[in-house]
Amino acid sequence: MANFTYIALDTQHNPVSGKTEQADRASVIAALTKQGLRPVSIKEIVDKGAAIGFLSSLNQAKRVKSDQLVVMTRQLSAMISAGVPLLRALTSLESHSESPALKMILGDVVKNVEGGESFGDALSKHPEAFNDIYVNMVRAGESAGILDDILKRLAAQQEKSATLRKKIRSAMAYPMVLVFITVLAFFGLMLFVIPQIGNILKDLGGPDAELPLLTQVMLGISGFITTFWYIILPVIAAGVYMLLRYIRTKPGKRKLDSLLLKVPGIKTIIMKLAIARFARTFSALMGAGVAVLEALNVTARAVGNTLYDEALVSAAKEVKNGRSLASVIGQNPLFPAIVGQMLAVGEETGQTDTVLVKVADFYEEEVDVAIEGISSIIEPAMIVILGGMVGVIAASVMGPIAGLAQSIQ
């Protein structure tokens, strides 16, 4: 049972306020109606200790995975298509959910819907699980009476996005492992191998032996790292932490995005990925009946690149002033000419969402090809770097040994 405060109007339209203990908001409404009162405002009295416990349990619970969200969306679409009332469908999904986080969120959504809120408004209170695209499409589906069809579109879009993310992660996993091994090997050699080799060379040649320049440089680097490792490692860790923290800020994210769009190879992947996300998201919102300006502003937050975000927000302002979206996008250097041309075709035929789906499919395939290409370059490059490190160390060792051998002869 929970405690609620309420404000209601009696039969004479006089305000009446008070407190009551009921199971949920629906029970409060029913109890007030039986008393001849019309509810105006109902608020649950939340105990601070309980609220802290709820927040801590929510933080401890795992975040909702994209696969779980896709399954939930498809199940909800199927139940609504079969004629199951929304509230009953949500209650069923909550009781059968295997995810603690999703179960908790659905329970809160059910309470809000029971209290009279729309499904979209109830979802908007949980941005950690339901982003702006999801919420706006649900709201459009509710207003148009096609919620089941919109949920099918949402599930398909989420599956496409999840598939693309998995491909990118799997393609970059091996190069990242090689980078980690290379860095680990460098510090391992500098801390443990090179000092031992230096001692051996000094034992063989004596303290006054003149070593080659390469060997002196390697021993100097190794000596510096060995002596000041307790300073170097924290400084590197702090630098990485500060860099990651700066990147998460808006100015830092913009500088990073600007820098990446200037790097050959990476620039192509980022542009194609951003265009694919724009086309997929914007087509889904347009197909759901969301207004163009709202669809552009929502899509801008979903592209994942601040430069494209700014470009789409600027495009929304231009469209508001009377320009066509195709002309605005076509003149922006961030978008290839084909995107503006396809948008023009979509605007002329009234099938913008269908045309953009084809654009998204095309650029997602291009992203796959580009990632495979750059991965095939990164892998041998990292192997060459790792082999080069071993080669330099071997040369720094063999040089003085060869010199000592000649001296002995």
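The values are calculated or read from the model by the stated rules, or taken from the named source; none is laboratory data. Bear in mind that the values here come from a model prediction, so they are computed numbers and not experimental data. Using ideal geometry, Cβ is built from the backbone for each residue, glycine included, and neighbour counts are taken over all protein chains shown.
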Looking only at the range 80-101, decide whether some residue is under 22 Å from the mean Cα position of the chain (by Cα), of a type outside the set (S, T, N, Q) and assigned to a helix (DSSP H, G or I).
-> yes
Selection count, the range 131-152, where residues are farther than 16 Å from Ala291 by Cα and either crowded, with 21+ Cβ neighbours inside 10 Å or in contact with a His (Cβ under 7 Å, 6 or more places away or on another chain) (or both) | 2
Hey, among the residues in the range 107-145 that are within 22 Å of Asn297 (Cβ to Cβ) and in a loop (DSSP other than H, G, I, E, B), which one's farthest from the chain's Cα centre (by Cα)?
-> Ser118
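Yes/no matrix, rows are residues, columns are (1) among the basic types (Lys, Arg); (2) more than 22 Å from Glu365 (Cβ to Cβ); (3) in a loop (DSSP other than H, G, I, E, B):
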{"residue": "Leu214", "(1), (2), (3)": "no, yes, no"}
{"residue": "Thr226", "(1), (2), (3)": "no, yes, no"}
{"residue": "Ala238", "(1), (2), (3)": "no, yes, no"}
{"residue": "Tyr241", "(1), (2), (3)": "no, yes, no"}
{"residue": "Lys253", "(1), (2), (3)": "yes, yes, no"}
{"residue": "Ile270", "(1), (2), (3)": "no, no, no"}
From the option list Ala155, Ala171, Ala101, single residue qualifying as at pLDDT 80 or above, in contact with a Ser or Thr (Cβ under 7 Å, 6 or more places away or on another chain) and surrounded by 15 or more Cβ atoms within 10 Å (Cβ to Cβ) is Ala155
Using the structure shown, decide if Leu58 is modelled with pLDDT of 85 or more and closer than 26 Å to Val138 by Cα.
-> no
Residue check for Ala405: in contact with a Ser or Thr (Cβ under 6 Å, 6 or more places away or on another chain) and at pLDDT below 85 = no
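Conditions tested, residue by residue: (1) under 17 Å from Val303 (Cα atoms); (2) out of contact with any helix residue (DSSP H, G or I) (no Cβ under 6 Å at 6 or more places or on another chain); (3) exposed (fewer than 12 other Cβ atoms within 10 Å of the Cβ).
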position: Arg245; (1), (2), (3): no, yes, yes
position: Ser258; (1), (2), (3): yes, yes, no
position: Pro264; (1), (2), (3): no, yes, yes
position: Thr268; (1), (2), (3): yes, no, no
